[in-house]
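See structure below.
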Amino acid sequence: GLSRGKPAMRVLPSLAAAAILVSGCATHTIATAPSASSQAGATPAVAGAQAGVGDTIVLSGNSSGEKVAVTLVRVYQRDAPAQFETPDAGDRYASVQLRYRNVATAAFSDAVSNEVTVVDGKGQSYQSTIATGVGCTQFPGTEDIPPGQTGLGCVVFQVPDSARIAEVQVTLDSGMGPQTGEWKPSR
């Protein structure tokens, strides 16, 4: 696995995994949303539009009918210190708050922290970390959302003191889903 809180490393899938991905799934797409001023509420992703804080992107998962409307609620560039953990020297905690609304007919169940990546202004990506007791309430280890219901929580990251979160990416199914939603918090 990847080291939590450290820059994400790009790993090529094994040959068997690549064969499964090529033979059984649609291509991976990047999804963005129309601006909140032009479209209200949860709307299907529209290629080419810029999503920001408050915007919703509807993402599909690998299972038939799996759809979640994901809203970037807030970005905490500097979250409160954790109660029991401390970031590495020169690093700090940052969080993104998301609202997941299950717009499918089947229950949604996944570890949201595995689905979210942040990217700083230099293009470096970061995976989530475990930090107990930060200011923003985190999603539980596994978030279970029945059809029509919502879940609200944060995902915490350890980033360098000098980094600023410039992009938030969400891919369902622990990052293995067919679509990735992208938000630019400061658009």
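Order the peptides 176-183, 120-127 from the highest to the lowest mean number of other Cβ atoms within 10 Å of their residues.
176-183, 120-127
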| request: Please provide three numbers in whole Å: the alpha-carbon extents of segment 54-187 along the principal axes, with the largest listed first. | output: 45, 30, 24
| message | Out of the total accessible area of segment 64-187 (probe 1.4 Å, heavy atoms of protein only), what percent is carbon and sulfur? | response | 48 percent
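The values are calculated or read from the model by the stated rules, or taken from the named source; none is laboratory data. Quantities reported herein were computed from a predicted structural model and do not represent experimental measurements. FYI the Cβ positions are ideal-geometry reconstructions off the backbone, even for glycines, and counts take in every protein chain you see. Protein only, heavy atoms only, side chains kept; ligands, DNA and RNA dropped before computing areas. Shrake-Rupley method; radii C 1.70, N 1.55, O 1.52, S 1.80 Å.
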